[in-house]
Structure formats: C-alpha cells, structure tokens
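Worksheet: the structure to be examined is printed underneath.
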C-alpha cells in the first residue's frame with residue numbers, strides 16, 4: 001500500500017532522510033504547483049529522478065551538458081528504431097560521439113537537477129510506492145542520499161539569498177560598456193554562454209530561462225554571477241514603463257519550514273521502518 005502525505009506536514013528533506021535511513025526501494029512521486037516529479041530509490045540510494053512522465057531522453061541530457069549539438073540531439077530523438085537509452089548510449093559510444101564517462105556525468109547531472117528544486121517546495125502532495133521502479137529502460141546512477149540532502153539544504157539557503165537579490169524575473173538585462181574585454185578573462189559554462197547569448201533589453205530574465213529550459217534557481221544564480229562580475233545590469237524590458245508610485249509590487253515567494261504534525265511523523269516513521 002502506498003504512503004501519501006503533504007509537504008506542509010513533511011518536507012522533501014525529511015522524506016529523503018527516512019528513505020535513506022530505512023534503505024527503502026521504491027518511487028517517490030511529488031506533485032506541486034502543477035508540476036510532477038518522480039524520484040526512484042534502490043536500497044536507500046537515489047538511482048533516477050525526472051519531471052518527464054516518459055522519463056527524459058539521453059540525447060537531451062547530452063545536449064544540455066554540451067556533449068551533443070542541438071541538431072544532433074533532435075536527429076537522435078527522431079530515430080524511432082532506438083528503443084531505450086541503454087541501447088542509444090552504446091551506439092553513441094561505439095560511434096565515438098561520447099564516452100561512457102560523458103554519459104554517466106550527463107545522467108547524474110540530469111538526476112540531480114530534477115531533485116534539488118524540490119527542496120524549495122513547501123506545499124504539495126507526495127506518494128511513496130514501495131518496490132515500484134518505473135523507467136527501467138533509462139540509465140540509472142546510484143547516488144548517496146547523504147550528499148544529496150547536504151547539497152539540497154545548501155542550495156535552499158542559496159535560493160533564499162538569490163530571491164532577495166533578484167526577486168523579479170520580469171526584469172531584462174543589458175551589457176555594460178565594453179563587456180567583451182572582461183569576458184575574455186572569464187571561464188563560463190555552456191549554460192552560462194547560452195544565457196549570455198539571449199541577453200537583450202527585449203528579453204526578460206524569465207523568458208531567457210524558458211528559452212534555455214533553465215530552472216529559476218539556475219537562472220538567478222547565473223544572472224547574479226554576471227552582475228557580480230560587472231558584465232550586465234538590470235533594466236526594464238523595452239516597452240515597459242515603471243509602475244505608478246505606491247503601486248503594490250509582486251512580493252517574492254517565501255519559504256518556511258513546514259509545521260510538522262506528530263501523527264504524520266509517527267505514521268511516516270512506522271511505514272519506513274517496515275521490512276521490505
């Protein structure tokens with residue numbers, strides 16, 4: 001029987017801690033803000049995570065990590081004869097497009113990028129189905145939950161700081177004078193260069209994130225780093241006027257630790273202590 005609950009009563013951090021301590025195998029499904037995430041565990045280790053009900057696609061993961069071009073990724077995804085990611089990975093390795101290490105790193109990055117945003121979710125429902133492991137045709141990577149929890153908690157603190165620094169993603173960006181000279185001395189990731197390529201007073205930060213399929217956390221982190229480096233500055237989007245004096249601003253979302261109900265805690269602990 002599946003265990004169900006609400007993130008207001010039991011946070012993602014607490015759920016992962018229990019799954020880790022009880023060395024559970026199964027799938028945790030979380031629904032919040034119209035989004036759904038699936039986290040798969042085997043004997044207490046995170047082995048897969050996705051927000052795509054089909055489980056994601058290896059070609060897209062390799063594209064996001066810069067190992068495949070956009071054109072290559074699209075062409076691969078259109079090849080219907082490739083049945084699963086394991087088969088695709090072997091074909092790409094044999095063809096010399098990527099290495100096994102490239103695939104492991106890309107899949108691991110995909111998994112973690114689908115987990116870390118969940119630490120900021122304070123409202124939503126969850127369901128844990130013991131011994132259920134979907135996405136068996138995907139490449140899985142065992143990841144220690146202790147490290148995931150520590151990094152997720154650190155990112156949550158960073159998320160709160162970034163929300164204070166960049167509360168409004170409807171602002172646009174523009175380069176300061178002569179940014180090229182400074183950029184020559186800065187090493188940027190593929191994701192950062194993609195963001196830079198869309199910087200224009202016509203594009204809001206939110207639109208840039210959508211163009212690049214980037215999470216709010218990641219876009220805030222990249223934009224804040226560019227601002228700190230003195231490369232860009234915030235401006236109103238072209239065609240947008242300032243709000244009238246005294247007009248209410250949109251307040252940034254705040255995160256509070258959920259109020260834990262004793263009955264819920266006892267039920268959860270009892271469930272995860274059961275033998276598999």
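Each value in this text was obtained by applying a stated rule to the coordinates, not by laboratory testing. Note that the coordinates shown come from a computational prediction; the quantities given were computed from them, not determined experimentally. Here Cβ is always computed from backbone atoms with ideal geometry, including for glycine, and neighbour counts include all displayed protein chains.
Per-structure values
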| read-out | value |
| --- | --- |
| Taking 82, 111 and counting other C-beta atoms within 10 Å, the order from fewest to most | 82, 111 |
| Order of 224, 116, 110 - criterion: other Cβ atoms within 10 Å of each residue's Cβ, fewest first | 224, 116, 110 |
| Added length on full extension, which subtracts the Cα-Cα distance from 0.36 nm per residue, residue 190 to residue 154 | 10.6 nm |
| Length added when fully stretched, residue 225-residue 129, from 0.36 nm per residue minus Cα-Cα | 30.6 nm |
| Mean Cβ count within 10 Å, highest first, over the residues of peptides 167-177, 16-26 | 16-26, 167-177 |
| Label-reachable residues, region 102-134, where backbone N falls under 12 Å from a point 7 Å from residue 6's Cα toward its Cβ | 123-126 |
| Those residues of region 187-207 whose amide nitrogen sits under 16 Å from the label point placed on residue 72, 7 Å along Cα→Cβ | 190-191 |
| Spin-label proximity, residue 238 to region 202-223 - amide N less than 16 Å from point 7 Å beyond Cα toward beta carbon | 202-205, 207-208 |
| Where only C-alpha atoms are counted, convex hull volume of region 6-136 per residue in Å³ | 113 Å³ |
| Cubic angstrom per residue, convex hull over Cα atoms of region 134-235 | 143 Å³ |
| Neighbour-count ranking [beta-carbon atoms within 10 angstrom, fewest first] of 10, 126 | 10, 126 |
